[in-house]
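Following: one structure in structure tokens, then a few remarks.
Only the coordinates and a few stated rules stand behind these numbers; no lab work does. Predicted, not measured: the structure shown is a model, and the values here were computed from it. Here the Cβ positions follow ideal geometry from the backbone for every residue, glycine too, while neighbour counts run over all protein chains shown.
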Amino acid sequence: MQEITIRRLRIFDRPQVATHFQNLDSDALISRFGIPVPPQNLDSYVDGIFDNAALVFGAFPDACLRGVGELRPTQGRGGRVAEIAITVETPWQDKGIGDALLSRIIAGARNRGIREVHMLCLATNQRMRHLAVKHSADLRLMTGQVEATLTTPWPTPISMVEELAGEYHAFARAILTWPD
């Protein structure tokens, strides 16, 4: 299995994020948003993806962005609750990208004191349900949807160093694979 670089995305990555969402087929978009999404709504979503204290991570199994994971703090419990969303381009699914993104998102939540993360997916989205179970989430079936709740452990100096090391590794790899 090839190495998947996961790194935090910043506003200057917006063009790559836009390309990623444009590369998603209609099934992947419905899996992410729960409904069909017109192109103009998708553009508006991408325009605001870095707003509101969101942490956005990207997966680079090659030199291109193939998966995006989002962690968005929500109101309640003193900022210790957040929502997660993940997209992976269809040809790149079932290659460990979603798992790598979710692991990184959980680490990011943990290190920011977010104790509970929620993920909502369609009841038919077996890939996301599998990921949630793999990460020990509690699943709750609702009409047509599944809500997964993960509880994160408290941050430690080691967990913070691991996150930092991951960012430095991703940065170094990005420099080494920079296009000519």
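Below, the figures for the structure above:
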{"item": "Under the Karplus curve 6.51 cos²θ - 1.76 cosθ + 1.60, θ = phi - 60°, whole-Hz ³J(HN,Hα) for segment 54-63, x wherever Gly or Pro sits", "result": "6, 9, 10, 10, x, 10, 10, x, 9, 7"}
{"item": "Sorted by Cβ density within 10 Å, fewest first, the residues Ile4, Ile86", "result": "Ile4, Ile86"}
{"item": "Span from the segment 1-65 Cα centroid across to the segment 123-180 one, whole angstrom", "result": "15 Å"}
{"item": "Cα-based shape type of segment 22-115, given that a ≥ b ≥ c are square roots of the gyration tensor eigenvalues and the cut on a/c is 1.5", "result": "oblate"}
{"item": "Magnitude of the charge dipole, the chain, Cβ model with Lys/Arg +1 and Asp/Glu -1, debye to 20", "result": "540 debye"}
{"item": "Neighbour-count order for Val56, Val133, fewest beta carbons within 10 angstrom listed first", "result": "Val133, Val56"}
{"item": "Percent antiparallel among DSSP beta bridges (both partners in the chain, rounded to 5)", "result": "90 percent"}
{"item": "GNM result for the chain, Cα springs below 10 Å: residue of Thr151, Thr143, Thr90 fluctuating most strongly", "result": "Thr143"}
{"item": "Read-out semi-axes √(5λ) of the Cα gyration tensor in Å, derived from the coordinates shown; its label in (i) 23, 22, 16; (ii) 49, 21, 17; (iii) 29, 18, 15", "result": "(i)"}
{"item": "Size of charge dipole - segment 124-180 - debye, nearest 20, with Cβ of Lys, Arg +1 and Asp, Glu -1, no other charges", "result": "320 debye"}
{"item": "Selection from Gly67, Pro39, Ser136 lying farthest towards where the dipole of the chain points positive, charges on Cβ", "result": "Ser136"}
{"item": "Calculated [θ] (222 nm, deg cm²/dmol) that DSSP helices of n ≥ 4 give over the chain, each run adding -39,500 (n - 2.57)", "result": "-12000 deg cm²/dmol"}
{"item": "Cα gyration tensor shape for segment 98-167, rounded if a/c is under 1.5, else prolate or oblate", "result": "prolate"}
